[in-house]
Amino acid sequence: KLKLAWNGIDQEACKCLADSLVHNRSIAKIDLSRNKINDIAGILLAYALRRNQLLRGLKVNGNALGRNGAQALLRHMRLRGGDLRKIDMHDCNIDAGGSMTFDPNNPNGKYELDLSIPLDRAIASELWELSLREQGENWRGETLDGRPFDCPEDPDNPWIIPTKGYLQLRYFSTPVPPSEDDIMEEEDFSLMIDQIKSRGKDKERKDVILSAAKENYFSADQVKDVITTVDAASDRVEVASGVFSRVVDLENKNGFLKSLKEHEQKAVARNLGQLFFLQSKISNRTLQA
C-alpha cells in the first residue's frame, strides 16, 4: 500500500505517477487524498488504471477532480476479470466542469493529439474505449503522423497507444440504444449506494448520483432506492429529473416517480418538459403491447 495523502501532488507530479502506475507490479492500493489533483490529472490516472490490472484500491478524497475526472475514474472501476476496484472520491467537486476541453459526454469534434504528451494519450484512450461502446464508425479520417491509420476495434485486445506520434481524427458519437442488459449490475449498484450514503450532505449525495447517471443505466426499482438516499425536496427533484432518461425498463419508468410527493412529481414534469410526456406515452404503449 502506498500512502501519498497531503503531499501537494499536482497535475505535473500526477503525470509521472500515472506513468509509473502503468508499469506497476507491486502496489495494490494507493491513497492520494487531499492533494492538488484536478480533472486533467484524473484523466491521466484513469489511463493508468486501464493499463494496470493489479491496483485494487484508490483513494482520491478531497481533490478537485470535477465531473470529467471523476467519470473517467469510474469507467475503470471494473477489472477485466469482473472484480471491482474500490475507488473513494469524497469531496471531489464532481458537480463542477473542469479546465480541459475534452468532454466524454459530448465527444464530437476534431482532435489533434500529440501522443508524446500524457494527457493527449489519455484522451486517445478515452476516445478508443468510447468507440467500442458505440455503434458504427466513430473515428473518421484518422491519421498517424500524416498517414492513414485504422484504429483497432477488438475489445479483447486493448490498443497499446504509442508514446510518440501525431494522431488526428474526427469523432462522431453514435450511442447504442440501451437495453435491459445495460442496467447497472446489482453488485456495482450496491457499491454506488454505499458511496452515496457515505456522503453526509444531500448536495454531495446528489452530485454522486448525477455523476454516476452520466455513465450508467438503471432499472426503475434502482432509481427508487437512489431517491430514498436524498431528503431535501429540491435535491430529490433534481435527482429524479437527472436520472429519468437513464431508466431502461420503460414499462416501469413512471413507477419510481410515485416514490415522490405530488408536488415533487409536478416539479420533475416541469423540469423535463416534453421529454416527460413523451416517455409517459411510450411507457403506456409498451404496457398495452
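Applying the selection to region 121-161, what residues are free of Cβ contacts under 8 Å to residues at least 40 places away in the same chain and more than 28 Å from TYR217 (Cα to Cα)?
GLY141, GLU142, THR143, LEU144, ASP145, GLY146, ARG147, PRO148, PHE149, ASP150, ILE160
Take region 1-26 and flag every residue that is modelled with pLDDT of 90 or more and β-branched (Val, Ile, Thr).
Selection gives ILE9 alone.
For region 116-139, enumerate the residues that are open to solvent by 70 Å² or more (accessible area, probe 1.4 Å) and part of a helix (DSSP H, G or I).
ARG133
Could we say that ILE123 is closer than 24 Å to LEU210 by Cα, modelled with pLDDT of 85 or more and within 19 Å of the chain's Cα centre (by Cα) here?
yes
Collect the residues in region 211-228 that are buried (at least 19 other Cβ atoms within 10 Å of the Cβ) and in a loop (DSSP other than H, G, I, E, B), keeping them in residue-number order. Outline the logic, then answer.
Going through region 211-228, the residues buried (at least 19 other Cβ atoms within 10 Å of the Cβ) turn out to be 211-213, 216-220, 222-223, 226-227.
Once the filter is applied, which keeps residues that are buried (at least 19 other Cβ atoms within 10 Å of the Cβ) and in a loop (DSSP other than H, G, I, E, B), region 211-228 yields ASN216, SER219.
So that you can scan it fast, the table gives a plain yes or no per residue for (1) in contact with a Phe, Trp or Tyr (Cβ under 8 Å, 6 or more places away or on another chain); (2) modelled with pLDDT of 90 or more:
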residue	(1), (2)
GLU204	no, no
VAL208	no, no
ALA212	no, no
ASN216	no, no
SER219	no, yes
VAL223	yes, yes
ALA233	no, yes
VAL239	no, yes
VAL243	yes, yes
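Give me a count of the residues in region 140-163 that are in a loop (DSSP other than H, G, I, E, B), over 18 Å from TYR47 (Cβ atoms) and not acidic (Asp, Glu).
Selection size over region 140-163: 2.
Modelled with pLDDT of 80 or more, crowded, with 16+ Cβ neighbours inside 10 Å, farther than 23 Å from SER190 by Cβ and out of contact with any Cys (no Cβ under 8 Å at 6 or more places or on another chain): does that describe ALA267?
Details: modelled with pLDDT of 80 or more: yes; crowded, with 16+ Cβ neighbours inside 10 Å: yes; farther than 23 Å from SER190 by Cβ: yes; out of contact with any Cys (no Cβ under 8 Å at 6 or more places or on another chain): yes.
Spelling it out, ALA267 is indeed modelled with pLDDT of 80 or more, crowded, with 16+ Cβ neighbours inside 10 Å, farther than 23 Å from SER190 by Cβ and out of contact with any Cys (no Cβ under 8 Å at 6 or more places or on another chain).
Which of (1) buried (at least 21 other Cβ atoms within 10 Å of the Cβ); (2) of a type in the set (D, E, K, R); (3) over 19 Å from ILE196 (Cβ atoms) is the odd one out, the single condition ARG51 does not satisfy?
Exception for ARG51: condition (1).
Of the numbered conditions (1) of a type in the set (D, E, K, R); (2) modelled with pLDDT of 85 or more; (3) surrounded by fewer than 20 Cβ atoms within 10 Å (Cβ to Cβ), ARG80 fails exactly one; give the number of that condition.
Of (1) of a type in the set (D, E, K, R); (2) modelled with pLDDT of 85 or more; (3) surrounded by fewer than 20 Cβ atoms within 10 Å (Cβ to Cβ), only one is false for ARG80: (2).
From (1) modelled with pLDDT under 80; (2) outside any loop (DSSP other than H, G, I, E, B); (3) open to solvent by 60 Å² or more (accessible area, probe 1.4 Å), pick out the condition that doesn't hold for ASP95.
Condition (2) is where ASP95 drops out.
State all residues of region 189-202 that are touching a residue at least 60 places away in the same chain (Cβ under 8 Å) and surrounded by 15 or more Cβ atoms within 10 Å (Cβ to Cβ); if no residue qualifies, say none.
Passing the criteria: LEU191, GLN195, ARG199.
Just give me the residues in region 101-115 being part of a loop (DSSP other than H, G, I, E, B) and at pLDDT 85 or above, in sequence order.
Going through region 101-115, the residues part of a loop (DSSP other than H, G, I, E, B) turn out to be 101-108, 115.
Within region 101-115, PRO107, ASN108, LEU115 meet the criteria.
The values are calculated or read from the model by the stated rules, or taken from the named source; none is laboratory data. Here the structure is a predicted model, which is why all the values come from computation and not from measurement. All Cβ positions, glycine included, derive from the backbone under ideal geometry; neighbour counts span all protein chains shown. Side chains are part of the model used for accessible areas, which takes the heavy atoms of the whole protein and leaves out ligands, DNA and RNA. Shrake-Rupley method; radii C 1.70, N 1.55, O 1.52, S 1.80 Å.
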